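Enquirer: I have a structure here, written as structure tokens, and I will follow up with some questions on it.
Only the coordinates and a few stated rules stand behind these numbers; no lab work does. What you see is a predicted model; the values in this text were computed from it and never measured. Cβ placement follows ideal geometry from the backbone for every residue including glycine, while neighbour counts extend to all protein chains displayed.
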Amino acid sequence: MEPAMENNKGQNNWDEDTSKRYLNYGRYFVPAREQQMRIMVDLLKGLPQPFAILKLCCGEGLLVELILGDIRGATVIGLDGSQVMLEKAHIRLRRFTGRYQLVKFDLADQSWRKLEQPVQAVVSSLAVHHLEGDGKQALFRDVYAMLSPGGAFIIADMVEPATVSGRNVAADAWDEVVRQRSLEQDASTAAMDFFQQEGWNTYRYLDRMTSTIPAICLTS
């Protein structure tokens, strides 16, 4: 079974305070964040409009905002496990009232996977890695059932390197990206220091992880 690529903190520590900290530091921690979001939106533009999108772990609504701003024919259902994130997303998206819904959910739970109507796309950014191998397979089957014919499941996520050396390379690269983003945005390494102190580098701390699935997905 494929291990879950989780943050080294257990589920009990993934509380709303963690969400608040991530709101402050996410812009440093996600490599190529802006490029990832732009690529996902460009892929969605290839679908016939109008269309409905289900966004897993929508966070503060950064990607949803980009989708709604760039694709006039899109509507979005945004799901997240954090009330703090959903409140931030609602503030960010309120100019798009009528084109989005925000719903609290648990990624691993089955109840949200039965939709009244199929959607044309399901989008996931930095969410699926929270699931174990069996959980990923179940999610993929369920997402397939949600999609209308010709629909798309678009994922931007982490994968586990096959070797220890590969994991070390990924860990070093992530540290360097966070260091660079910290310096570029603040001319300081404070964000990098926090990243290291809190153990956010999943590749570096994989051995500490449990199979517990976090209730809160921290994402774009």
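Enquirer: Please list, in chain and number order, the residues 5+ apart from residue 152 or on another chain whose amide H is under 5 Å from its amide H, with Hs placed from the backbone.
Expert: Here 121, 122 satisfy the definition.
Enquirer: Return the long-range amide H neighbours of residue 203 (sequence gap of 5 or more, or a different chain), with a cut-off of under 5 Å between placed amide H atoms.
Expert: Residues meeting the criterion, in which the H sits 1.01 Å from N, do not exist here.
Enquirer: Could you give me the radius of gyration and the Dmax of the chain, taking only the C-alpha atoms into account and expressing both in angstrom?
Expert: My reading of the Cα-based Rg and Dmax gives 17.1, 49 Å.
Enquirer: In addition: In debye, nearest 20: dipole of the chain around its Cα centre with unit charges on the Cβ of K, R (+) and D, E (-)?
Expert: Around 740 debye, computed over the chain.
Enquirer: Could you give the length gained on full extension between residue 137 and residue 72, defined as 0.36 nm per residue of separation minus the Cα-Cα distance, in nm?
Expert: Difference between extended and current length: 20.2 nm.
Enquirer: Just need the relative contact order of the chain here, percent rounded to a whole number, with Cα pairs under 8 Å and 6+ apart.
Expert: Dividing the mean separation by the residue count of the chain yields 34 percent.
Enquirer: Would you pull out the residues with amide H under 5 Å of residue 157's amide H, same chain only if 5 or more places away, H placed 1.01 Å from N?
Expert: For residue 157, the qualifying residues are 126.
Enquirer: Using the structure shown, select from 20/45; 55/114; 104/136 the pairs with a Cα to Cα distance greater than 26 angstrom.
Expert: Pairs exceeding the cut-off: 20/45.
Enquirer: Given points 7 Å out from each Cα along the Cα-Cβ axis, report the residue 23 to residue 180 separation in nanometres with one decimal.
Expert: Distance between the two pseudo-spin positions: 2.9 nm.
Enquirer: Moving to a separate point now. Rounded to the nearest 0.05, what FRET efficiency do residue 173 and residue 43 give with R0 = 41 Å and r taken as the Cβ-Cβ distance? Could you check?
Expert: 0.95
Enquirer: Helix-only estimate, please: 222 nm mean residue ellipticity of the chain, summing -39500 (n - 2.57) across DSSP H runs of length 4 or more and dividing by its residues, to the nearest 500.
Expert: -13000 deg cm²/dmol
Enquirer: Under the rule a/c < 1.5 gives rounded, and otherwise a/b versus b/c splits prolate from oblate, where does the range 33-156 land using the Cα gyration tensor?
Expert: Here the range 33-156 falls in the rounded category.
Enquirer: What spacing in nm lies between the two simple spin-label points modelled at residue 90 and residue 205, each 7 Å away from Cα in the Cβ direction?
Expert: Result: 3.1 nm between the two label points.
Enquirer: Then there is this: Roughly how far apart, in whole Å, are the Cα centres of the range 78-126 and the range 34-52?
Expert: What the calculation gives is 17 Å, centre to centre.
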